[in-house]
Amino acid sequence: MNNSLHDLRLADVIIYWGANPYATGTVMFIEHALANLRGQTAEEKEQWFAGKPVVDTYMIIVDPRGTEAVEAAEAAAPDRVLHLAPEPGTDIVLANAIARVIYERYRDTVEKILAVYRQAAQRGFKWDEDAWRLYLEEALEINKKTLDQCLAEAERITGVPRRDIEKAAEIVGTPKPGGAPKRVWLMCEKGVIWNQNYRSIYALVDLCTMTGAFRGVAGTGCQRLGGHQVGYAGPEPPPPWTAERHHVSPWNFAKEKGIQLNTYDDYKRLMESWYNEVYREGYYKTRWPIGDKYVPTTDFRLVAGEGKVLWVHDMDNYKLAPAAQRLKAAVSDRS
């Protein structure tokens, strides 16, 4: 999270991905997002960016359903709202397809944004050229597939028409009069979080990186929607989690395995080893969330036969668990 609600009023492009903000962030959506979409924050933009062009704001909503947020946005500005309705589980493919079009067709905009990161790297900002190259070559498949091949594949997998993928890229990537990149603000929530989780978030963060959401300009940002506040209090978890409670990201994996990251080939080997152990040989085979193996995940441990008492307070864990049917069967069998 690197932005505030006021940034939402200053954005040129607002993206909601896997979120229904009309229902779960009503004040934020109506008072800030729709106000911007209607052009009611134009004077604020002129004050913040004196002498810079003020352009019409666009909104992109990614959700398999036509939600209340889509209806409200289209009522406010029907010609400046794009609703993308991917098949559930295909967010990574869609995000990478949009990014590939932006990279291919709006390279000047991308290079201006990358220049900001590279200059900031000289002042301590963490910017990794090898990781960026890996993203381009492995995720976006630069030099492996043509743009036409990528778009055809994305359309087939996601169900989103190619013209809409290209339109999303055009909305985000087309520079403003004078050549400045647009200010992009993206917010995501459970629709993408509970859908391959970390891998989906990686894809969105990479897209935000390419579109300048992290360049430190007012009106930009990348964060989750939220929708509720939560507090936690409890004892330290028992071993083995006490000292090693963390998500097994590629970087933590590298530390655990003693993998040195000195060259681009080192990065490629890391990603292949991490993906193989955590996903191919891990989650995809066992359905155990090895990516979170040090975090006590209640439902998976119940299925594995651990635990004696299940306390449920003010929730329906059969509907909220990542593998709800299996959890329900396990509780039924054991109780």
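Where a number appears in this text, it was derived from the coordinates with a stated rule and is not lab data. Only a predicted model underlies this, so the values are computations on that prediction, with no experimental measurement involved. Note: ideal-geometry Cβ built from the backbone for every residue, glycine included; neighbour counts use all protein chains shown.
Listed peptides 121-131, 308-318, 148-158, 94-104 appear in the order 94-104, 148-158, 121-131, 308-318 once ranked by packing, highest mean of other Cβ atoms within 10 Å at the front. Computed over the chain, relative contact order equals 20 percent, with contacts defined as Cα pairs under 8 Å that lie 6+ residues apart.
Listed values for the stretch 9-21 are Karplus-derived 3J(HN,Hα) couplings in whole Hz (6.51 cos²θ - 1.76 cosθ + 1.60, θ = phi - 60°), namely 6, 9, 5, 8, 10, 10, 10, 10, 10, x, 9, 10, x, and x replaces Gly and Pro. Scanning the chain for cysteines with no neighbouring cysteine C-beta under 4.7 angstrom from their C-beta gives C150, C188.
Given their separation in residues at 0.36 nm each and the Cα-Cα distance between them, D148 and Q325 gain 59.8 nm when the chain is fully extended.
Provide the FRET efficiency to the nearest 0.05 for the W311-W251 pair, computing r from the beta carbons and using R0 = 30 Å. Computed FRET efficiency for W311 and W251: 0.30. Where only DSSP H runs of four or more residues are counted, the chain gives -12000 deg cm²/dmol as its mean residue ellipticity at 222 nm, each run worth -39500 (n - 2.57).
Checking [x] 27, 56, 17, 0; [y] 33, 61, 6; [z] 34, 43, 20, 3 against the coordinates, the calculated P(r) over Cα pairs in 20 Å bins from 0, in percent falls under label [x]. Using Cβ point charges alone (K and R +1, D and E -1), the dipole size of the chain about the Cα centre works out to roughly 400 debye.
Taking amide H as placed 1.01 Å from N in the peptide plane, C188 has its amide H under 5 Å from the amide H of W17, Q223, R224, L225, each at least 5 places away in sequence or on another chain. Dipole orientation for the chain: of the candidates M187, Y264, A329, Y264 has the Cα lying most toward the positive pole (charges on Cβ; Lys, Arg +1; Asp, Glu -1). Each other residue within a Cβ distance under 14 Å of A77 adds +1 if Lys or Arg and -1 if Asp or Glu, for a net charge of -3. Under the simplified labelling scheme, the R162-S273 pair shows an inter-label distance of 4.0 nm, with each label point 7 Å from Cα along Cα→Cβ.
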